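Only the coordinates and a few stated rules stand behind these numbers; no lab work does. The model shown is predicted, which means the values in this text are computed figures rather than measured ones. So basically every Cβ, Gly included, is an ideal-geometry build from the backbone, and we count neighbours across all protein chains shown.
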């Protein structure tokens, strides 16, 4: 039994990012990954080594999620340990071991916790939470002077002290769509491409009057959503001509014409994966591209992009 | 000028009740009334006596509001002090003094505050936030096993570990409507009537799957909304026959067939007032009835109710 392969589990996770120092485990900091891995170490305390998480989107401090996805690998021994309830009314009954992992993590976190595993299940063959993903979708919430200001929503809504013109913001958002180099909107990171496909970007007012942006791309570079939102806010307030925006993007230089908006307005809402049969191929393809990027000091051109390459 | 009448200001207020010990000022406790009156004492520090608030609904600890209403009376001197900005770019400009009161309270509370004055304006003649009100509307939010559990909403949504049958809950809610004695659903309070008209009570699932109750009555006695919700939850879980509910209500005795639900799921959303011309008459009528209630050890029968009276 020692040679049985590991079993990969997919976790779907929601969190209120307010009290977290982002997703990624860091010594001495409270992070989402750190909290869930600490719970895993309790669940599997008799079966080391303890599992670690691989995530679809490493959110920044203060960013929330309703549809984050992560995976972990369990040894046969760890998986079997889940299938045996130790006490209580479930003892001796057959039940869904992978689902029980989510319940145990939630139990350890407590009912009023700011992190919640909404689903845990065996992942399909070839699944990788990070490398199989084909798109990520985020929302950004702003209460401007036309919105009601509801203190219960202050943790995930930015209160903006001006009236924003949603038509201009949508004009700006639409102009930006497509496959481009987003260096203007990204905090540079060593060896990471800034070429992405912005698939959706639109603004609407929710039924209670809040301005909500939906933003979807194959992937986002660091601070990209908050910069995109900031550019629309500058346009919506009349401080930036929407027709200037494409030009600013294509200068590929961070400037001062708009601001990076606060983390608290941002929520990761969904991660897209291909059909099960395409998971492994997608992961292999993404992994290969990332390795090429990391090995090269220049940007890697996605096949067929038609974009010039240049220094990161 | 000393003999000018006071000017009554209406405040519309929203709050996240999580960190408040309810509305009503209490020594040594953080309450909504206490916080706003402390801000008023700062705003009018050179013009005592400081105004106090009269509120439409004195919410319990942990209960939220998006549409709470209160009033306060300003002396001519206090009102004039608002009309003179002391410094900054508004200095010397004519602006809306009553509206500036809300801005000053919000400024003192801070942008990330859990209480927010959404409107402040001179009240129409005869307005009394408490006694002119003709109805109050509340919402109650429950995430059952069919709902997503979003940690960002855990402050105003009760996570209920069962699947609730919304059709049964609506059957129960509808059966309760009308003018009745609600003693079964009320924490008794000395000299307060338990006879109220339940005008609306319905359940629906919000677009994100949360069970939301809308409850409207002329007024509510203490813990009434949370008890009404608890009775529907018992029905929705199959622990109470919806056809039993009217019988339980008319026994006018608190029993153990359902629970009072937690405060955190409850939000006061709206207060109804008559047209301006009816404000004074309504306040006079309500005040007279309350005085009669307080003077009498027995329940006062609202005119035309057709209900028996009995000991409170």
- Note on the structure: Averaged over residues of B:152-162, the number of beta carbons from other chains lying within 10 Å of each residue's Cβ is 4
- Note on the structure: Whole-Å distance linking the alpha carbon centroid of the stretch B:1-60 with that of the stretch B:105-167 is 18
- Message: Cα atoms only: what Rg and Dmax, in Å, come out for the stretch A:123-184?
- Response: 17.4, 50
- Query: Based on the alpha-carbon gyration tensor of the stretch B:7-122 and its eigenvalue square roots a ≥ b ≥ c, which shape applies: rounded if a/c is under 1.5, prolate if not and a/b is larger than b/c, or oblate?
  - Reply: prolate
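Which order do the peptides B:278-289, A:229-240 come out in when sorted by mean C-beta neighbours inside 10 angstrom, highest first?
Most protected by this proxy first, the peptides run A:229-240, B:278-289.
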- Mean separation of Cα contacts under 8 Å, 6 or more apart, over the residue count of chain A: relative contact order %: 21
- On a 0 to 90° scale, report how tilted helix A:97-109 is relative to the longest principal axis of chain A, with both axes built from alpha carbons and the result rounded to the nearest 10. 70
- Task: Kindly identify the stretch B:92-150 as rounded, prolate or oblate by the Cα gyration tensor criterion: order the square roots of the eigenvalues as a ≥ b ≥ c, call it rounded if a/c is under 1.5, otherwise compare a/b with b/c, prolate if a/b is larger, else oblate.
- Result: oblate
- Peptide A:139-151: average number of partner chain Cβ atoms within 10 Å per residue? 3
- Is chain B rounded, prolate or oblate when judged by the Cα gyration tensor, a ≥ b ≥ c being the square roots of its eigenvalues, rounded requiring a/c under 1.5 and prolate requiring a/b larger than b/c? oblate
- Query: When N counts the residues of the protein assembly as shown, how does its alpha-carbon radius of gyration compare numerically with 2.2 N^0.38 Å, as a ratio?
  - Reply: 1.13
- Task: Mind checking the full-extension length gain between residue A:251 and residue A:204? Use 0.36 nm per residue of separation minus the Cα-Cα distance, one decimal, nm.
- Result: 14.1 nm
- Task: Nearest 5 is fine: what % of DSSP beta bridges in chain A come out antiparallel, could you say?
- Result: 90
- Task: Let me have the 222 nm mean residue ellipticity of chain B computed from DSSP H runs of 4+ only, each contributing -39500 (n - 2.57), with the sum over all residues rounded to the nearest 500.
- Result: -8000 deg cm²/dmol
